[in-house]
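Take a look at the structure below.
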């Protein structure tokens with residue numbers, strides 16, 4: 001465990017979802033589920049965020065915004081696609097304006113199923129994402145020349 | 001002459017749970033014009049009516065919005081029932097009313113929480129959402145879903161609620177009412193909240209009427225329109241009055257929603273006391289042929305579903321007009337002339353539901 005997985009900050013964006021999953025993301029932050037006790041903070045600033053929680057089937061107008069948010073987040077970062085719309089388009093898959101899944105636009109690390117996804121499964125998805133975040137961080141610190149870790153890393 | 005500058009607001013912004021964009025034209029700190037851009041959540045679900053049979057389309061229509069999903073399915077089903085001349089059992093009407101009012105409670109508590117967060121009162125945000133969870137628990141126990149309930153269908157409702165459960169719900173509401181009283185006292189009495197909201201984003205009664213404001217936005221300006229008084233579902237058998245405030249500022253809109261929580265609790269209690277015995281659905285055969293404007297009161301205002309059937313299982317047209325869309329012109333009017341720092345509060349004060357608005 002490092003400082004990253006002890007206090008990951010999340011960025012949440014609604015990419016053309018019905019907002020059922022979005023309110024469940026917020027519900028996970030509030031007293032009944034209370035992920036803030038683990039140091040997880042919801043931030044509005046992509047430059048402060050480690051985990052990108054994204055919902056919805058993403059339409060053409062949202063594509064550039066999602067790419068922009070993703071690029072502004074510092075490395076290492078993980079993307080969690082929440083709800084079935086974010087995975088495949090869900091019930092809106094056949095709509096003319098839905099591209100069908102977040103992975104058509106940015107790489108996704110964890111898929112959380114459900115319509116709407118329950119707060120328990122969202123928390124489970126974020127915990128899984130933190131493991132991936134940790135691996136990505138370790139991979140970043142390996143010196144490509146020597147194959148050894150940079151000093152100061154445990 | 002002061003130089004004009006344009007500040008973009010959104011689509012991704014800390015106070016907005018959902019994307020909407022405004023170009024704010026400023027002179028010094030004052031907003032002289034606000035130009036909205038929408039379409040970030042547009043999915044085009046109305047067109048799916050051509051690919052889904054009318055009983056199946058309920059699943060699509062209730063995913064228009066995750067907050068008021070039950071009322072969307074109710075309005076759609078009422079429209080189809082009117083076209084086909086279906087007499088829904090009385091108990092189903094009462095159950096629909098009870099679930100509608102629980103949806104309104106959860107939506108208003110959600111809004112009060114988000115609004116508190118928007119004005120920087122995070123403690124209150126947590127308090128409102130804690131109470132909201134007990135409402136969601138009831139919805140989950142009675143329908144099986146927390147935010148998407150799927151309990152309404154053409155011809156009635158999918159599940160019944162037992163008499164013991166109804167009694168327990170009525171008893172639990174007393175406790176919830178006490179908690180809501182404590183919560184709304186802070187919203188309505190606290191000096192710092194009052195100072196933040198009074199005389200911010202004023203919308204006059206004339207403007208509210210002419211710009212087509214609906215729901216709590218209109219009622220906060222003194223326009224007493226509440227579609228529940230048209231008596232759809234079982235509302236014609238229950239007694240209540242539309243909640244209005246006269247100031248038309250953010251505080252008035254907050255007060256309307258805070259007081260409506262008690263109206264909803266009262267309506268649920270009345271409905272539980274009067275609910276008749278009997279079946280909860282009837283068998284539906286045939287296909288709709290004709291058209292109907294189905295209207296209802298959503299937590300954010302008047303919701304209209306226009307439906308046209310052509311005698312087949314697939315409807316020819318579905319058109320959904322949601323309250324947030326009609327509240328955007330009043331919103332633009334409210335923002336004009338305000339200070340830049342007040343913009344997030346004013347936008348939140350209409351309870352924007354972008355998922356609904358763009359369908």
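Just so it is clear, none of the values below were taken in a lab; they were calculated from the coordinates. All values reported here derive from a predicted model rather than from experimental measurement. Cβ coordinates were reconstructed from backbone atoms using ideal geometry, including for glycine residues, and neighbour counts include every protein chain displayed.
Some notes on this structure:
- Meets criteria (away from every other protein chain (no Cβ under 14 Å), touching a helix residue (DSSP H, G or I) at 6+ places or on another chain (Cβ under 9 Å) and surrounded by fewer than 17 Cβ atoms within 10 Å (Cβ to Cβ)) for residue B:98: no
- When residues of region B:22-46 are limited to those that are over 21 Å from the mean Cα position of the chain (by Cα) and crowded, with 17+ Cβ neighbours inside 10 Å, the one farthest from residue B:318 (Cα to Cα): B:26
- Residue check for residue B:92: more than 16 Å from residue B:153 (Cα to Cα), touching a strand residue (DSSP E or B) at 6+ places or on another chain (Cβ under 7 Å) and more than 14 Å from chain A (Cβ to nearest Cβ): no
- Taken as a whole, the structure places residue B:226 among residues that are within 22 Å of the chain's Cα centre (by Cα) and closer than 27 Å to residue B:98 by Cβ.
- Matching residues in region A:41-65 - criterion: being under 26 Å from residue A:88 (Cβ atoms) and part of a helix (DSSP H, G or I): A:46, A:60, A:61, A:62, A:63, A:64, A:65
- Figure legend. Inter-residue proximity from region A:105-120: first residues at positive phi and facing another protein chain (nearest Cβ under 10 Å), second residues surrounded by 20 or more Cβ atoms within 10 Å (Cβ to Cβ) and assigned to a loop (DSSP other than H, G, I, E, B), beta-carbon distance below 8 Å, spacing 6+ or different chains. Indicated pairs: A:114/A:83.
- Under the condition of being away from chain A (no Cβ under 13 Å), within 23 Å of residue B:240 (Cβ to Cβ) and surrounded by fewer than 24 Cβ atoms within 10 Å (Cβ to Cβ), the residues counted in region B:102-135 number 1.
- Restricting attention to region A:27-46, the residues being within 8 Å of chain B (Cβ to nearest Cβ), surrounded by fewer than 18 Cβ atoms within 10 Å (Cβ to Cβ) and farther than 16 Å from residue B:14 by Cα number 2.
- All positions within region B:136-155 that are more than 13 Å from chain A (Cβ to nearest Cβ) and more than 17 Å from residue A:23 (Cβ to Cβ): B:141, B:142, B:151, B:152, B:153, B:154, B:155
- Residues of region B:135-186 that turn out to be without any contact (Cβ under 8 Å) to a residue 12 or more places away in the chain and not in a helix (DSSP H, G or I), as a count: 3
- Check on residue B:220, closer than 26 Å to residue B:31 by Cβ and under 21 Å from the mean Cα position of the chain (by Cα): yes
- Residues located in region B:189-210, provided they are surrounded by fewer than 20 Cβ atoms within 10 Å (Cβ to Cβ) and under 30 Å from residue B:72 (Cβ atoms): B:205, B:207, B:209, B:210
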